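Scroll down for the structure; my scribbles are underneath it.
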Amino acid sequence: MRLVLASASPARLAILRGAGVEPLVEVSDVDEDALVAELGEDATPEDTVGALALAKARTVAARVAEAVPDGVVVGADSMLWLDGELVGKPAGVDAARGRWDQMAGRAADLFTGHALVQLTGGAVGREVTGHARTAVAFSEPTTAELEAYLASGEPLAVAGAFTLDGRGGWFVEGIEGDPSNVVGLSLPLLRRLLAEIGVGVDALWGAPTP
């Protein structure tokens with residue numbers, strides 16, 4: 001059984017590799033901003049990240065079905081719920097700095113939508129979705145620390161303008177929930193979703209290296 005990761009995220013790839021899975025990586029071309037706009041202002045955080053994850057998984061599944069006739073495509077999308085607003089990657093340094101002005105010394109919730117699309121005999125089959133939520137408590141970086149962090153470029157490439165597994169980990173006081181979810185993929189949730197389509201993680205451990 002082959003797992004296809006519908007994401008360009010190196011953190012998600014590292015999670016899977018660390019868990020014994022070598023996925024095929026196929027990046028989706030979903031217009032995330034357009035999809036969020038289509039969902040409208042009344043969409044919940046859970047609905048939004050779930051819809052984005054499913055759109056990514058569906059797009060990639062249709063693209064790779066012939067090359068990977070029997071496998072599972074996993075899509076994911078992470079966003080931070082902060083002051084009643086769902087935020088993704090900051091648009092630039094100023095946006096990231098403003099994000100940290102809001103987060104410093106406080107807590108926020110990181111939501112990650114997960115979607116699986118099963119491929120069987122070259123055809124797109126079952127879909128399952130879910131989401132994970134982890135509370136993150138932030139410390140207060142000094143001005144010098146924050147400016148150096150912003151200059152590194154790391155917070156510009158990730159939802160919420162922080163990482164747990166990189167330089168941003170210095171500024172995370174603690175979490176409540178699954179740590180792998182904050183990095184980008186909740187392994188416990190992913191295992192439960194795989195079980196829903198009849199796939200055990202042991203089936204993925206035997207996947208060939210690309």
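Residue by residue, here is whether (1) surrounded by fewer than 15 Cβ atoms within 10 Å (Cβ to Cβ); (2) touching a strand residue (DSSP E or B) at 6+ places or on another chain (Cβ under 7 Å) holds:
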site: Val25; (1), (2): no, yes
site: Val30; (1), (2): no, no
site: Asp70; (1), (2): yes, yes
site: Gly92; (1), (2): yes, no
(message) Take the conditions closer than 25 Å to Glu26 by Cα, of a type in the set (Phe, Trp, Tyr) and surrounded by 13 or more Cβ atoms within 10 Å (Cβ to Cβ) and apply them to Phe162. Does it pass?
(response) yes
(message) Quick test of your reading of the structure: Ala96 fulfils all but one of (1) of a type in the set (Gly, Ala, Ser); (2) touching a Pro at 6+ places or on another chain (Cβ under 7 Å); (3) surrounded by fewer than 20 Cβ atoms within 10 Å (Cβ to Cβ). Name the failing condition by number.
(response) (3)
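Only one residue in Leu185, Leu193, Leu146 is in contact with a helix residue (DSSP H, G or I) (Cβ under 9 Å, 6 or more places away or on another chain), closer than 23 Å to Ala53 by Cβ and of a type in the set (A, V, I, L, M, F, W, C), so which one is that?
Values: Leu193 fails: in contact with a helix residue (DSSP H, G or I) (Cβ under 9 Å, 6 or more places away or on another chain); Leu146 fails: closer than 23 Å to Ala53 by Cβ.
Answer to the selection: Leu185.
When you scan the stretch 125-210 for helices (runs of 4 or more DSSP H) that lie fully inside it, which ones turn up with 2 or more residues that are closer than 30 Å to Ala62 by Cβ? Quick ask: steps written out before the conclusion?
On the way: elements: 143-152, 179-183, 187-196, 201-205.
Here the list reads 179-183, 187-196, 201-205.
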(request) Output the strands (runs of 3 or more DSSP E) that fall wholly within the stretch 1-91 and possess 1 or more residues being modelled with pLDDT under 95 and touching a Gly at 6+ places or on another chain (Cβ under 6 Å), or say none. (result) 2-5, 71-82
(message) Based on this model, can you work out whether Ala76 counts as among the small types (Gly, Ala, Ser), under 20 Å from the mean Cα position of the chain (by Cα) and within 20 Å of Val25 (Cβ to Cβ)?
(response) yes
(message) List the residue pairs whose Cβ atoms are under 7 Å apart, where the first residue sits in the stretch 174-202 and is within 15 Å of Leu80 (Cβ to Cβ), the second is basic (Lys, Arg), and the two are 6 or more positions apart or on different chains.
(response) Gly177/Arg133; Gly184/Arg12
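The values are calculated or read from the model by the stated rules, or taken from the named source; none is laboratory data. The structure displayed is predicted, hence computed values, not measured ones. Counting neighbours? That spans all protein chains shown, and the Cβs are built from the backbone with ideal geometry, glycine included.
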